């Protein structure tokens, strides 16, 4: 089974590592290198870094329909394309291998189709999600399902912890899927959509915290965006505005008469009044500063500082 692997971020690396151990990965396709950070240093994708260290040929096309790129793919005589966290493939690419192309998606399809299934599952307060392998089709995340496996979401899970669990489970399911395809025993069923749960790409403006919401909703929102792209809010310190990313906290359900958004600075913690309780911020990153605990942040305030949420 000659496999061309296509992927870019950390989530895809575990799958590539597993397939490279058990099967014949003949080439890896990933996104072009990008300049990152203050020094604009050129950084390879996590998949490229692994593939290079493993001695695998790496392709980084800017145009997936480029005839030269298509010819290179053909030269590898692939039996199967395996796609994990990559771009949408044109039909000429996903139909090229003998057995077509399969994809690993971090949800129980057809729920949470889209670019951010891990984030949206937690934001929506789901207790369970999972991984799905499926054959690629013309429309994104709509192809026939081959395998699925459930993964529990626990109350303290964040997008980061769930990412890691799904990454490991997904690599295992993907390897089992490839084995069935190789043995000719794989069965695939069409997706039957029963809900409107989706997972569109998340932008910075989508990540602002609404402190007037129910505390449990706010808690799910923050952990569903932690550590990336991170929920954020705007404060004023002595009338001077600044933004801060909020990474972790705890909702304390209690009755109070404070207006939502009221900030209470205690000796070693920071709380915000929300609907039906208080939200205790545990980790945050003030604008242009490092990530700190709430206790560290409070210690950095002056005795008479006035901290408020910006309107």
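The values are calculated or read from the model by the stated rules, or taken from the named source; none is laboratory data. Everything numeric here is computed off the predicted structure, so don't read it as measured data. Glycine gets a Cβ as well: all are built from the backbone with ideal geometry, and neighbour counts include every protein chain shown.
Listed by first and then second residue, the pairs linking a residue in region 136-147 that is closer than 11 Å to residue 110 by Cβ to a residue that is exposed (fewer than 15 other Cβ atoms within 10 Å of the Cβ), with Cβ atoms under 8 Å apart and 6 or more places separating them unless they lie on different chains, are 145/189; 145/190. Of the residues making up region 91-113, none is surrounded by fewer than 17 Cβ atoms within 10 Å (Cβ to Cβ), out of contact with any helix residue (DSSP H, G or I) (no Cβ under 6 Å at 6 or more places or on another chain) and more than 22 Å from residue 1 (Cα to Cα). Going by the structure shown, is residue 4 touching a residue at least 40 places away in the same chain (Cβ under 8 Å), under 26 Å from residue 131 (Cα atoms) and either part of a helix (DSSP H, G or I) or under 24 Å from the mean Cα position of the chain (by Cα) (or both)? Answer is yes for this residue. Among the residues of region 193-212, those that are surrounded by fewer than 17 Cβ atoms within 10 Å (Cβ to Cβ), in a loop (DSSP other than H, G, I, E, B) and either in contact with a strand residue (DSSP E or B) (Cβ under 8 Å, 6 or more places away or on another chain) or modelled with pLDDT of 95 or more (or both) comprise 200, 201, 203, 210, 212. Regarding region 300-309, can at least one residue be identified that is closer than 26 Å to residue 161 by Cβ and touching a strand residue (DSSP E or B) at 6+ places or on another chain (Cβ under 8 Å)? Within region 300-309, none of the residues are closer than 26 Å to residue 161 by Cβ and touching a strand residue (DSSP E or B) at 6+ places or on another chain (Cβ under 8 Å).
If you go through region 133-160 and keep only what is in a strand (DSSP E or B) and either surrounded by fewer than 22 Cβ atoms within 10 Å (Cβ to Cβ) or touching a helix residue (DSSP H, G or I) at 6+ places or on another chain (Cβ under 8 Å) (or both), you end up with 133, 135, 145, 146, 147, 148, 149, 150, 151, 152. In region 20-47, the qualifying residues are those that are assigned to a strand (DSSP E or B) and loosely packed, with under 12 Cβ neighbours inside 10 Å, and the one that is modelled with the highest pLDDT is 24.
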